[in-house]
Structures are given as C-alpha cells and as structure tokens.
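Here is the structure we will look at.
The values are calculated or read from the model by the stated rules, or taken from the named source; none is laboratory data. Since we're looking at a predicted model, the values are computed, not measured. Neighbour counts run over all protein chains shown; Cβ positions are idealised from the backbone, glycine included. Quick note on the areas: whole protein, heavy atoms, side chains included, nothing else; ligands and nucleic acids left out. Shrake-Rupley method; radii C 1.70, N 1.55, O 1.52, S 1.80 Å.
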Amino acid sequence: MHYNKFLILFFSLFFSLFNLNAQDKNDAATIKNIFDEILTNDACYENLRYLTTQIGGRLSGSPQAAAAVDWTKEVMENYGFDTVFLQEVMVPHWVRGKKEIGRIVGSKKMGSLDVAVCALGNSVGTGDKGVSANLVEVQDFEELKKLGKENIQGKVVFFNRPMDPTLIQTFQAYGGAVNQRGAGASEAAKYGAIGAIVRSMTTSSDDFPHTGSLNYTLNVPQIPAIAISTKDADLLSKLLKDDKELKFYFETHCEMKEEKLSYNVVGQITGIEFPEEYIAIGGHLDSWDLAQGAHDDGTGCMQSIEVLRVLKTLGIKPKRSIRAVMFMNEENGLRGGLKYAELAKKNKEKHIAALESDSGGFTPKGFSIGGSDKVVEKVSAWSELFKPYKIHEFEAGGGGADIGPLKAQDVPLFSFRPDSQRYFDYHHASNDTFDKVNKRELDLGAAAMTSLIYLIDKYGLQ
C-alpha cells in the first residue's frame with residue numbers, strides 16, 4: 001500500500017516537473033521569437049525617428065503635441081489593432097516665449113558675462129524688465145530657513161545642491177535633488193526673494209540648462225525661476241564666494257495661457273478569454289520644448305506601440321486585453337495619467353497590471369515590481385527566462401508617474417528599468433535628440449517589455 005502511494009507520488013512529481021520543463025521551453029521559444037522579430041525589424045526605431053525629427057518637441061497644448069496625437073493614432077490604426085481611441089483631457093498650456101537671458105553682472109574677476117539658462121516649466125516670466133538683484137546661495141530649504149527674511153528679502157536665491165554622484169542608481173540622485181526645482185521658487189518667495197536660480201538636474205558637467213516643472217504654493221507670491229547649466233552653476237558659485245555683492249540679471253518671457261483640450265491615445269488588442277481584464281503599457285507623448293523628446297519619452301511611447309505590433313505580427317492572441325497608452329501631459333501636470341485612472345474607475349475596468357517606460361531607451365536591465373509579496377515572488381521567478389538576454393534585475397519597487405494613479409485601484413505597477421547612467425545627460429535638455437538613441441538598445445528594451453507582458457497575460461499575477 002505504502003509502495004503504491006510512493007509510486008503515485010513519484011510519477012506525479014515526475015510529470016509535474018516534465019510539464020514545467022516543457023512549459024519553460026515553450027515560453028523561452030516564444031520570448032526568443034519576440035526578440036528576433038524586434039531585433040530584425042526597423043519599426044520601433046523608424047517610428048521614433050518620425051516622432052522626434054518630423055514632429056519634434058511636444059509640450060502640452062502645443063501644435064506639436066496635437067500632431068503627435070493624430071500621428072500615433074494613425075500609426076496604431078495602420079497596424080490593425082482591434083481598437084484605437086482617444087481620451088479627452090484638459091491640459092495646461094505653458095509657453096516659453098523668446099529665448100531667455102542670464103547674466104552675471106559686475107564680477108570683480110570677470111566683469112559681466114552671459115551664462116546658459118532656461119525658464120523652468122510653469123514659471124511666470126520676468127517680461128522685458130527682467131530681474132536684477134544680489135544673490136544668496138543655498139543648498140537646501142533648511143539653510144534658507146536659517147538665513148531668514150532679513151538675508152533674503154529682495155534678492156535672488158541660487159539653489160546649488162548637486163545630484164549625488166556617488167549614488168549608482170541615478171534616479172535616487174535625482175530624487176535627492178529635485179525638490180529645489182519643484183518647490184524652490186515658492187520656498188524662496190516665503191522669505192521675500194524676487195527670483196530663483198536652480199542648478200540643472202544632471203550629474204554631467206555641461207553647458208546645457210535642464211528645464212522641468214516647478215509647482216507654486218497657494219497663497220505664496222509667484223516669482224520667476226530659471227535653471228542654470230552645471231558648468232555655469234559652478235562658475236557662479238565660485239565667483240559668489242569671492243564677491244558677496246555679486247549681482248545677477250535674468251530675463252524670461254514665459255507665461256501660462258488658458259488650458260487646452262488634448263488627448264491620451266489608446267490602442268488595444270482585445271483578449272480572447274478575459275476581454276474585460278486589461279494590461280496597460282505606456283509612456284508619455286508630451287515632452288519639453290527644448291529638444292525632440294527622444295529619451296524622454298519618445299522611446300517609451302514607441303516601445304509600447306511595438307509591444308502590440310509584435311504580438312499581432314507573431315500571431316500571439318492574448319487572453320486579456322492589452323493596451324498601449326500614449327499619456328498626455330506627464331511633464332507639467334500629469335493630467336493624462338490622472339484621466340486614464342479616472343476613466344478606468346468610472347468604466348469599472350479591471351486592470352490586472354500596468355507597465356510604464358519612462359527612463360530612456362538605453363540597454364535593459366530589468367523591471368521594478370510594485371505589488372504584493374506574492375506578485376513580486378511570481379514575477380521574479382520569470383527572471384530565468386530573461387537571463388539569455390542579460391536582463392536580470394527584478395526587484396520590488398513601483399511604476400512610473402503616469403500609471404501611478406492606478407495604484408489606488410490595487411493595480412500591480414511595473415516600471416521598465418534600463419541602464420540609467422546616461423539618462424540625466426539628456427533629461428529635459430536641448431540635447432535629448434534622436435541621434436542620442438541607439439537602435440539596438442531601443443529594440444532590446446521593447447523586446448524585454450513585450451516578453452514581460454506576454455508572461456503576465458499568459459499566467460496572470462494571482
């Protein structure tokens with residue numbers, strides 16, 4: 001009797017292992033087909049070329065943003081996705097105006113000299129009169145508080161805290177410095193400052209000012225704010241140490257206009273077993289106006305479209321409905337991400353997962369996983385299938401900004417994680433152009449994303 005039970009258990013385990021091994025081999029073969037299709041096809045790269053070089057920078061509310069909506073809708077329709085539709089969203093319409101001026105005035109060592117600056121997104125402008133005043137350099141808001149109104153009133157505050165170069169994960173370094181860009185102007189205004197200068201958010205020493213959003217605090221005076229290149233920030237700091245009475249002049253012509261109607265663009269392949277369960281993948285279609293918005297975030301948008309194209313091309317019929325979402329207005333408002341989550345809730349859509357690509361089109365390293373311990377464990381177990389492609393980082397974390405609002409609906413959120421070392425060389429700067437994107441790196445990222453979506457769809461996350 002015991003012998004028979006042993007045999008039953010033995011053969012049960014044997015066939016389970018056999019089936020598991022066969023299953024793994026089948027998945028490995030499918031993933032290889034995915035990589036082969038993308039690596040031998042120019043679609044993703046050529047789509048990015050058109051978006052960046054023919055449409056260009058796509059700041060919310062701009063004609064270029066509107067053109068990008070129309071074009072991506074047409075691309076997905078031409079690929080024959082089951083449905084392509086628009087989601088209306090009202091977006092802020094901030095315009096930069098004519099080129100900014102930044103000038104160190106009356107330096108004892110160098111006289112007056114122009115420096116590389118740009119207005120921060122959402123900032124008010126100075127107009128033709130500009131702003132001219134003495135400077136106060138600070139590293140953080142605590143230092144600002146200690147100086148107090150008596151030392152700041154009527155001056156321009158220079159926030160000069162660099163991103164920490166010792167942090168290998170550059171997004172951590174960014175997170176440790178970016179609050180001075182987002183809230184610096186309002187914090188300075190609380191103490192009577194008339195303007196703010198912020199060191200650009202990059203670990204690179206260069207001549208490119210990096211823009212990005214600021215957010216004004218309610219009931220605090222709105223003062224104009226600019227970013228200064230890292231090279232000129234270092235120069236300004238050095239000159240200020242030698243001359244405490246140094247003055248700075250800057251002139252900007254930006255303004256916030258009335259909100260405009262824009263759209264998220266959504267393409268969908270409908271699931272054959274669970275059509276009312278959704279997996280969303282996406283990037284943000286808008287970009288800053290200084291460049292072509294290649295790494296931020298043209299790459300993420302084109303990779304997301306590529307996921308659906310490849311599934312369709314290879315004849316992989318998903319169980320669940322897969323959506324590629326081109327989110328609008330991530331850069332200076334997040335209106336698209338908020339609207340998508342709002343409509344998902346209103347329409348009672350069940351999202352089982354969402355994946356965002358908004359970290360550039362560099363060599364893939366893995367994914368961050370936002371979900372329960374069970375979800376993290378299940379997805380991490382798939383990492384073996386990615387090892388042949390040198391993709392190995394499957395870690396607990398979270399998704400990006402646009403899919404973040406879905407978290408309140410208990411949706412597991414994923415973020416595509418490419419190598420981050422070069423990303424902030426281009427982030428929000430005028431050198432974020434198509435020529436900075438490597439086709440093979442872009443394609444490898446798209447293949448990694450497609451493979452993960454294939455596995456989530458096939459096995460679910462529960």
What pairs come up if the first residue lies in region 50-71 and is more than 10 Å from Asp286 (Cα to Cα), the second is at pLDDT 95 or above and of a type in the set (Gly, Ala, Ser), and their beta carbons are under 7 Å apart, counting only those six or more places apart or on different chains?
Leu51/Ala68; Leu51/Gly298; Thr52/Gly293; Thr52/Ala294; Thr52/Gly298; Ile55/Ala67; Ile55/Ala68
Looking only at region 139-175, how many residues end up being farther than 19 Å from Ile228 by Cβ and not charged (D, E, K, R)?
13
Enumerate the pairs (first residue in region 439-454 and among the hydroxyl-bearing types (Ser, Thr, Tyr); second residue anywhere and open to solvent by 10 Å² or more (accessible area, probe 1.4 Å)) with beta-carbon separation below 7 Å, excluding pairs fewer than 6 apart on the same chain, so at least 6 apart or on different chains.
Tyr454/Thr30; Tyr454/Ile316
Please tell me if Gly61 is buried (at least 18 other Cβ atoms within 10 Å of the Cβ) and not in a helix (DSSP H, G or I).
yes
So which residues in region 297-331 are over 11 Å from Ser357 (Cα atoms) and acidic (Asp, Glu)?
Glu306, Glu330, Glu331
The number of residues in region 424-440 that are open to solvent by less than 30 Å² (accessible area, probe 1.4 Å) and either in a helix (DSSP H, G or I) or among the hydroxyl-bearing types (Ser, Thr, Tyr) (or both) is 3
